[in-house]
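Let me begin by presenting the structure, written as structure tokens, before commenting on it.
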């Protein structure tokens, strides 16, 4: 699935709020708050579990972010796991027989500084490293070969093309 179709599906999910519902804890909270409110709000809050009252109050309750989150399941897209085949295909196209696997690297990334400023920063850097090269990306003589730089650019370009198709 390309980003176009996948993105449209995700946008549809995010734009379609889950239905309002009042669980036991929320009902108790609203009953407790009801005594501090004037009629008719006090009546509605005491009986918010009633589907008719809930539908009448839905627009007003949904307008407040906190109340909205209490009364419906919310969706927060934090991690998207997709496109692994796009990654494997691009790697195998440019480096036949190369392994594709997660690698834990003891070190830090400058990506956090970019993310703090609102820029997307991803931890993906395709390279073919032999044992002598393993410590170079975060070592004293921090570097990778020109061939690995070109390989990474070519793989990333192909992945972006595939994901955006």
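No lab work stands behind these numbers, since they all come straight from the coordinates. What you see is a predicted model, and the numbers here were worked out from it, not measured in a lab. Glycine also receives a Cβ, built like all others from the backbone with ideal geometry; neighbour counts cover every protein chain displayed.
Entry note, the stretch 19-71: relative contact order of 37 percent, from Cα contacts under 8 Å with a spacing of 6+ residues.
Given a Förster radius of 41 Å and the C-beta distance between residue 74 and residue 144 as r, what FRET efficiency does 1/(1 + (r/R0)^6) yield to the nearest 0.05? Intermediate results must be reported in sequence, preceding the final value.
On the way: r = 42 Å, r/R0 = 1.02.
According to the calculation, E is roughly 0.50.
Cβ crowding within 10 Å, taken as a proxy for footprinting-reagent exposure, orders 85, 15 from fewest neighbours to most as 15, 85.
Counted residue by residue at 0.36 nm each, then reduced by the alpha carbon distance between them, the extension gain from residue 59 to residue 43 reaches 4.1 nm.
Note on residue 164 and residue 23: with the Förster distance fixed at 45 Å, the Cβ-Cβ geometry gives a FRET efficiency of about 0.65.
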